[in-house]
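**Q** Here it is, the structure, as structure tokens.
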Number of protein chains: 2
Amino acid sequence: MTTLYGYWRSSAAYRLRIALNMKGVAYDQITVNLKEGEQNGEAWRAIQPQGLVPVLKHEGETFLQSPAILEWIDETWPDPALLPSDPSARCTVRGWASIIGCDIHPVQNLRILKAVAAEGGTGFEGMKAWAQRWIQSGLESLEVLVAAHDRTTPFLHGDQPGMTEIYLVPQMYNARRWGADLSNCPTLVAADEAARALPAFAAAAPEAQPDAEADV
Amino acid sequence: MTTLYGYWRSSAAYRLRIALNMKGVAYDQITVNLKEGEQNGEAWRAIQPQGLVPVLKHEGETFLQSPAILEWIDETWPDPALLPSDPSARCTVRGWASIIGCDIHPVQNLRILKAVAAEGGTGFEGMKAWAQRWIQSGLESLEVLVAAHDRTTPFLHGDQPGMTEIYLVPQMYNARRWGADLSNCPTLVAADEAARALPAFAAAAPEAQPDAEADV
């Protein structure tokens, strides 16, 4: 039994849905309602002291932090591989994923946006400008790196989506939501579109989740 | 030939110095002077488009993003292992490292601190409060997780330092620098102290680097 504790709009939960779908792993979903602040309640913090999602439970074990869980998923269900077999190529792909996972997403995550708006007293417009700034600068750096790499398909490394696309697609969802300018990132836009057309990615989309709500 | 492009006070470069020292790998160091803004120059951005350090060059290959490079180092020089051999334990340790690598360090990195101070107009005191806030809350969450885990030594997993300590020690250096309150993190404080007593960690300390300067 595999259970994903997440939220339809959580980028990090979105990553895990994609990976589990790619591997063909069946899983249950339990919502932690971020909109209602359930993540800050004692019950959830007893499971995840940071008050973050996602958490994956599998056969009695509890795992947290999506970068660690993605590696675990890839080790537990090796096919299809999320990382190249060559160590140097694996480092390249992990590095691309890490640009999103460390330097873009955490800096524009909702808890940070709210804190920045509070510090600056800039409200929603301040949040939006902050999100756009880090999303755009981060994705533009990633674009330079991936565009310099040989490709034969729209996917960023090899002829199938892998770890980079698992990080990219949720980040691009976020980028669109915040109105980031992606005109300098044609390679990333093409990879995102090609990946989202695949069933594993489509089924993982926020709007396809049981806890999805109408946009508010 | 292995060359580390870094800066004495960069936490992410500090991680790589520890790991290379633990593995007994000889490496040259080249400074990218963050204080003088060298990371934002065209020459450096042609190597690392984000304008960040570290970068590792090894036998003609160029790797970026310290989380990816740490995995590569562990795959390239397996002894001593930075991660446990059991997949579940590996996920736990990677998750602990990821709390620091994704949710603490990037949010209080200097470029973010400067941006927050500019947004809020709060200057140095605003930067300090922001850094303390995310360091303390993040480390306190990590403390809860590691304290719940059985240990027989001060180290956090197993009887030797590993991936968690590689992330922890530079983060604790940062925590002290910003005056974060670590009184709720006795397990982390003990692990940090035990690790810093070892030669691989001591030789990697910022003050022990050739480009170290007197505190300013």
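**Q** For label points placed 7 Å from Cα toward Cβ, what is the shortest-first list of nm distances from A:Gly60 to its copies?
**A** Label-point distances to the other copies, shortest first: 5.1 nm.
**Q** A further question follows. Per the Kirkwood formula on distinct C-alpha pairs, the Rh of chain A is how many angstrom?
**A** 17.8 Å
**Q** On to the next question. Assign unit charges at the C-beta atoms only (+1 for Lys and Arg, -1 for Asp and Glu), then state the dipole size of the range A:87-201 relative to its Cα centre in Debye, rounded to the nearest 20.
**A** 320 debye
**Q** Where the centre of each part is set by its Cα atoms, how far does the range A:1-37 sit from the range A:60-90, in angstrom?
**A** Measuring centre to centre over Cα atoms gives 16 Å.
**Q** Another one. Given R₀ = 30 Å, what would the calculated FRET efficiency be for A:Tyr27 paired with B:Ser85, taking r from the Cβ atoms and rounding to 0.05?
**A** 0.70
**Q** How large is log10 I(q)/I(0) at q = 0.12, 0.13, 0.16, 0.25 Å⁻¹ when the Debye formula is applied to the Cα atoms of the range A:9-65, each weighted equally and without solvent?
**A** The Debye formula, applied to the Cα set alone, gives -0.29, -0.33, -0.51, -1.13.
**Q** How big is the antiparallel share of DSSP beta bridges in the protein assembly as shown, given as a percent to the nearest 5?
**A** 65 percent
**Q** Where the label is 7 Å out from Cα toward Cβ, how close does A:Val25 come to the same position in every other copy, in nm, shortest first?
**A** List, nearest first: 2.8 nm.
**Q** Under 10 Å, Cα contacts only: if you run a Gaussian network model on chain B, which one of B:Tyr14, B:Tyr27, B:Tyr167 comes out with the highest mean-square fluctuation?
**A** Looking only at B:Tyr14, B:Tyr27, B:Tyr167, the biggest GNM fluctuation is shown by B:Tyr27.
**Q** If you take the C-alpha gyration tensor of the range A:87-201, multiply each eigenvalue by 5 and take the square root, what semi-axes do you get, largest first, in whole Å?
**A** After scaling each eigenvalue by five and taking roots: 27, 14, 12 Å.
**Q** Based on DSSP, what percent of beta bridges with both residues in chain A are antiparallel, to the nearest 5?
**A** Bridges in chain A are about 65 percent antiparallel.
**Q** If you put +1 on each Lys and Arg Cβ and -1 on each Asp and Glu Cβ, how big is the dipole of the protein assembly as shown around its Cα centre, in Debye rounded to 20?
**A** Computed charge dipole of the protein assembly as shown: roughly 620 debye.
**Q** Roughly how crowded by other chains is peptide B:168-174, in terms of the mean Cβ count from those chains within 10 Å of each of its Cβ atoms?
**A** 0
**Q** Assuming a strict under-14 Å limit between Cα atoms, what lysine pair count do you get for the protein assembly as shown once near-sequence pairs (fewer than 8 apart, same chain) are dropped?
**A** So the count of such lysine pairs works out to 4.
**Q** Once you have a ≥ b ≥ c as the square roots of the Cα gyration tensor eigenvalues for the protein assembly as shown, tell me rounded if a/c is under 1.5, and otherwise prolate or oblate according to whether a/b is larger than b/c.
**A** Rounded, since a/c falls under 1.5.
**Q** What is the distance, in nm, between label points placed 7 Å from the Cα along the Cα-to-Cβ direction at B:Ser183 and at A:Glu61?
**A** 3.8 nm
**Q** Test of understanding: in a Gaussian network model of chain B with alpha carbons linked when under 10 Å, which of B:Ile166, B:Ile135, B:Ile112 would top the mean-square fluctuation ranking?
**A** Among B:Ile166, B:Ile135, B:Ile112, the largest GNM mean-square fluctuation belongs to B:Ile112.
Every number here is computed from the coordinates shown, using simple stated rules; none is lab data. Source: prediction; values computed, not measured. A quick note on method: Cβ atoms are made from the backbone with ideal geometry, for glycine too, and the neighbour counts reach across all protein chains shown.
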